[in-house]
Every structure is written in structure tokens, then in C-alpha cells.
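Trainee: Questions regarding the structure given below will be posed in turn.
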Amino acid sequence: MTDIDTSDVDFRLTRVFNAPRALVFQAMTETAHLQHWWGPQGCRIEVARHEPHPGGMFHYCMHFPGGFDMWGRFLYREIVAPERIVVVNGFADAAGNAAANPMSPDWPLAVLNTTTLAEQDGKTMLTLLSQPIDASALEGDNFKAGHASMQGGFGGMYDNFEHYLATLVRQQEGQAGG
């Protein structure tokens with residue numbers, strides 16, 4: 001694994017999922033899975049484009065109740081199955097171009113998200129490290145001030161992911177036993 005310089009601005013989160021690492025990785029990199037769990041709780045994801053390879057893009061729209069839509073994207077930098085996914089994450093417009101955060105224009109335009117997956121007694125430990133890229137001092141301060149909100153946002157999304165993974169594990173167990 002590459003050593004990564006970190007700072008107090010960076011956001012870190014660790015979560016353990018009751019699913020094998022290969023399944024967690026698959027659910028994080030395949031379109032058919034991502035649309036079921038990615039994004040904030042309460043929104044529906046529409047995948048506009050998904051190319052899960054270095055240099056590829058995941059471009060999506062988050063449809064919120066009340067008709068509010070927000071676009072986002074990742075630009076894949078690195079995918080090492082089943083252990084590591086590195087993306088540049090940010091908001092986007094409908095065409096897939098980088099765009100400012102519609103709720104916080106002084107948020108970093110791009111964030112490097114490094115996700116590592118480690119096998120742990122048949123479960124998977126996910127570690128997320130989020131680092132602003134080329135952020136101004138104000139953007140870095142806002143990112144740091146947003147850690148609690150990010151904890152809630154990622155926490156809710158990973159709650160969705162945990163429920164979705166449980167469904168996949170039950171399906172696999174049913175196929176194995178059936």
C-alpha cells in the first residue's frame with residue numbers, strides 16, 4: 001500500500017461489514033450494485049455513466065424528495081481488486097463537468113477518496129480517507145468544519161450499504177444451499 005501524507009484537514013472513517021471482501025468490492029465497483037446504495041439516505045441514484053477503470057468516470061444524479069436534483073462524479077485513479085479504490089470525487093453538472101457544491105460554494109472542488117478493504121475474520125473492514133485537492137485555505141477550513149456532517153452523510157450511506165450487502169449475502173447463501 002502507498003504511504004499517504006495526511007493532515008488534520010483530512011476526513012477518516014472506518015466501518016466493518018458482515019460480508020466477504022470480494023463481495024464488498026464488487027458492490028462498490030459494479031453499476032448494478034452502486035445504484036442501490038450509493039448516495040445520501042433518502043435519495044434515488046440515477047447512473048448516467050459508469051466506467052470502473054483508471055481514467056474512467058462514475059457520473060450520477062441524486063434525486064431527492066421534493067424534486068431537488070444534484071449531480072456528482074468520481075474520476076477513477078486506481079482500482080486494485082479486491083483491496084483498494086482511489087477516486088477524485090466532487091459535484092458535477094448534468095454533462096459530467098466539475099461543478100461547485102450547490103449548497104456550499106466554498107467547498108473543495110475535488111476530494112481524493114482512498115478506500116481500502118481488509119479481510120477480517122470473514123468480514124470486511126473498510127477504511128475511507130478523504131483529502132481535499134488543491135483547496136484554498138477557506139475550502140480546507142470548510143472541509144474540516146464539515147467532518148461531523150460527512151460522518152453523518154457517509155455513515156447513513158454506509159448504513160444503506162450494510163443493508164444492501166446483507167441482502168446480497170442472503171441471496172448467495174440461498175444459492176449455495178438451494
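The values are calculated or read from the model by the stated rules, or taken from the named source; none is laboratory data. Note that the structure is a prediction, hence the values are computed from the model and not measured. Neighbour counts are summed over all protein chains in view; Cβ atoms, including those assigned to glycine, are modelled from backbone coordinates with ideal geometry. In case anyone asks, the SASA skips ligands and DNA or RNA and just uses the protein heavy atoms, side chains included. Shrake-Rupley method; radii C 1.70, N 1.55, O 1.52, S 1.80 Å.
Trainee: So, in nm, how far is label Gln35 from label Asp134 when the simple model puts each one 7 Å beyond its Cα toward the Cβ?
Mentor: Each label point is offset 7 Å from its Cα along the Cβ direction, giving 3.3 nm.
Trainee: So what is the accessible area of the chain per residue, in Å², with the probe set to 1.4 Å?
Mentor: On a per-residue basis, the chain sits at 51 Å².
Trainee: How many nm is it between the label spots at Thr127 and Glu162, if each spot is 7 Å from the Cα in line with the beta carbon?
Mentor: Label-label distance for Thr127 and Glu162, simple model: 2.0 nm.
Trainee: What is the set of long-range amide H partners of Trp107 at a cut-off below 5 Å, with H atoms built 1.01 Å from backbone N?
Mentor: Under 5 Å from the amide H of Trp107: Asn101.
Trainee: Tell me, what % of the accessible area of the chain is carbon and sulfur with a 1.4 angstrom probe?
Mentor: 51 percent
Trainee: Could you list which residues have their amide H under 5 Å from that of Ala48, counting only those 5 or more apart in sequence or on another chain, with H placed in the peptide plane?
Mentor: Distant-sequence amide H within range of Ala48: His59, Tyr60, Cys61.
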